[in-house]
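In what follows, a structure is listed as structure tokens, so that the remarks can point back to it.
The values are calculated or read from the model by the stated rules, or taken from the named source; none is laboratory data. The model shown is predicted, which means the values in this text are computed figures rather than measured ones. Positions of Cβ are backbone-derived with ideal geometry, glycine not excepted, and every protein chain shown enters the neighbour counts. What goes into the accessible areas is simple: the full protein's heavy atoms, side chains included, and nothing from ligands, DNA or RNA. Shrake-Rupley method; radii C 1.70, N 1.55, O 1.52, S 1.80 Å.
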Amino acid sequence: MFNPSQADVRRFLCAVHAKTLSGQPMEAIETLASLWIAEHPEYHAELADADAAAARNYDETPEQTNPFLHLSMHLSISEQCSIDQPRGIRQAVELLAAKRNDLHAAHHEVMDCLGRMVWESQRAGRPPDGAAYIDCVQQRATKD
């Protein structure tokens, strides 16, 4: 199973940004990453220096969003939807995106649910609860 390190993920995202700027061809996952990077121009400066990105400790600046975690969550949610895993996530995200009329805004809400699921799993020392995650997204999609 593919298990990249934090530095690997950061270098990957920086490389995608560099490829985008230079117009180089990309693999499918790189193209997907480039689309999410394009949605976040506020991160472009940090993506421009792979060595600095790999060395940066975002725990030291908790008031600042970690762009690599944020973009990784966009990729994770996209992948979950593409394979519908956990089962039902695709429909839940589609409903939320339709309600918001904005996939990007919907992803940001899904990130809250995903982050909560991971945090609760780690805190309790148990596997992630996919059903609770989907329920969280569905509630956001159906509440006024």
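Expressed as a whole percent, the accessible surface of the chain that belongs to carbon and sulfur atoms is 53, based on a 1.4 Å probe.
Adding -39500 (n - 2.57) for every DSSP H run of four residues or longer, then dividing by how many residues the chain holds, sets the calculated 222 nm ellipticity at -22500 deg cm²/dmol.
At an R0 of 22 angstrom, the distance between the Cβ atoms of Ala45 and Arg100 translates into a FRET efficiency of 0.20.
Charging the Cβ of each Asp and Glu at -1 and of each Lys and Arg at +1, and nothing else, the dipole of the chain about its Cα centre rounds to 360 debye. Electrostatic bookkeeping for Leu96 treats Lys and Arg as +1 and Asp and Glu as -1; over the other residues with beta carbon under 9 Å from its beta carbon, the sum is +1. Accessible surface calculations at 1.4 Å, restricted to protein heavy atoms, place the chain at 61 Å² per residue. Relative to the longest principal axis of the Cα atoms of the chain, helix 28-38 runs at roughly 90 degrees. Across all directions, the average flat footprint of the convex hull enclosing the Cα atoms of the chain is 9.8 nm². Axis angle, to the nearest 10 degrees, between helix 67-83 and the longest C-alpha principal axis of the chain: 50 degrees. Here the stretch 28-63 and the stretch 73-144 have alpha carbon centers that stand 22 Å from each other. Peptide packing for 108-117, 45-54, 123-132, 9-18 was compared via the average number of neighbouring C-beta atoms within 10 Å per residue; ordered from the highest value, the list is 9-18, 108-117, 45-54, 123-132.
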